[in-house]
Amino acid sequence: MKSYKRKTVETAKYLKARIEKLPEIGFLAGTGLGESMQSLDIAASFDYKDIPNFPISTVRSHHGKLLVGSMHSRQIIAMQGRFHLYEGYSPLDVTFPIRVMQELGVKILILSNASGGLNPSFKSGDIMIIADHINLTGSNPLVGPNEDSWGIRFPDMTGAYNERLTILAENAGKDSGIQLQKGVYAGLKGPCLETPAEVRFLKTIGAEAVGFSTVQEVIVAVHAEMKVLGLATITNINNPDKPVSATIEEIVATAKEAAPRLETIIRKVVENIEWLNKNSV
């Protein structure tokens, strides 16, 4: 059986042979948000099923395509669809694309997801900048032998979400007239949605949004010393005192409606990324 590292290098080599310019920015689109890359000038497109060693997205709203192109002269690799623990994938499977991005030289990672809102001041359709996260999945992609060429054994997660990227996103919202929220994201394994008692618990420990993704990828990105920006689209509000059932169809519809606003934020962040390079933290 091929080693995980060998698979990653093999996949990166396959992509390098088929793209003209290596990416510096990675983007990962969550549920219903595959249309948030309309501004990308696409140079190459790959179905996940055609990429060696790549997992296959099984969620209906995930397109399962890897796009490579440019935006504001920045080279970008974008995933239309991610992988989840609830699909039966291991933490290493879920984060495999981030390791491939690392091998390709990506230094900045922008992630989006669809989340349930826990903060009563949020409303459906809001976009929340992730300030921090709580890993409640019971999993961690760094468990096992450490690959020293990828990162240190004990990465510090105190600054997982880059402050400068957060500022760029906040400025993008102000410039575009898009009101952005900011808060803590709780990552669960899924796939069942939360009980009212679980919602009360999550609010008690400081979570303001909840979902089934993101934390695994962010852990690996921090291990890889990437700068991370997380954007959560609030698709429904969880009120444990007046619980309302949510369906995946409603969640996807809300995410799709918010996708143009999300794209605007991402486009403006990328447009001003030079400021980040000059003021790196």
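Tell me which residues, restricted to the range 189-204, are surrounded by fewer than 16 Cβ atoms within 10 Å (Cβ to Cβ) and outside any helix (DSSP H, G or I). Those that are surrounded by fewer than 16 Cβ atoms within 10 Å (Cβ to Cβ) and outside any helix (DSSP H, G or I): Lys189, Pro191, Cys192, Thr195. The residue that is surrounded by the most Cβ atoms within 10 Å (Cβ to Cβ), among those in the range 156-183 that are hydroxyl-bearing (Ser, Thr, Tyr) and in contact (Cβ under 8 Å) with a residue 12 or more places away in the chain, is Tyr161.
Looking at Ala207, Ala255, Ala232, Ala186, just one residue is crowded, with 21+ Cβ neighbours inside 10 Å, assigned to a loop (DSSP other than H, G, I, E, B), of a type outside the set (Lys, Arg) and at negative phi, and that residue is Ala207. Out of all the residues in the range 122-148, which are modelled with pLDDT of 95 or more and of a type in the set (Ser, Thr, Tyr)? Within the range 122-148, Thr137, Ser139 qualify. Among the residues of the range 21-36, the ones that are surrounded by fewer than 19 Cβ atoms within 10 Å (Cβ to Cβ), under 25 Å from Arg261 (Cα atoms) and modelled with pLDDT under 95 come to 1 in all. In this entry, Ser39 is excluded by the filter for residues that are modelled with pLDDT of 95 or more, surrounded by fewer than 20 Cβ atoms within 10 Å (Cβ to Cβ) and farther than 14 Å from Gly26 by Cα. Consider Ser112 carefully, then state whether it is surrounded by 20 or more Cβ atoms within 10 Å (Cβ to Cβ), touching a helix residue (DSSP H, G or I) at 6+ places or on another chain (Cβ under 8 Å) and of a type in the set (S, T, N, Q). It is true that Ser112 is surrounded by 20 or more Cβ atoms within 10 Å (Cβ to Cβ), touching a helix residue (DSSP H, G or I) at 6+ places or on another chain (Cβ under 8 Å) and of a type in the set (S, T, N, Q).
The values are calculated or read from the model by the stated rules, or taken from the named source; none is laboratory data. Bear in mind the structure is a predicted one, so any value in this text is a computation, not a measurement. Positions of Cβ are generated from backbone atoms using ideal geometry, with glycine treated the same way; all protein chains shown enter the neighbour counts.
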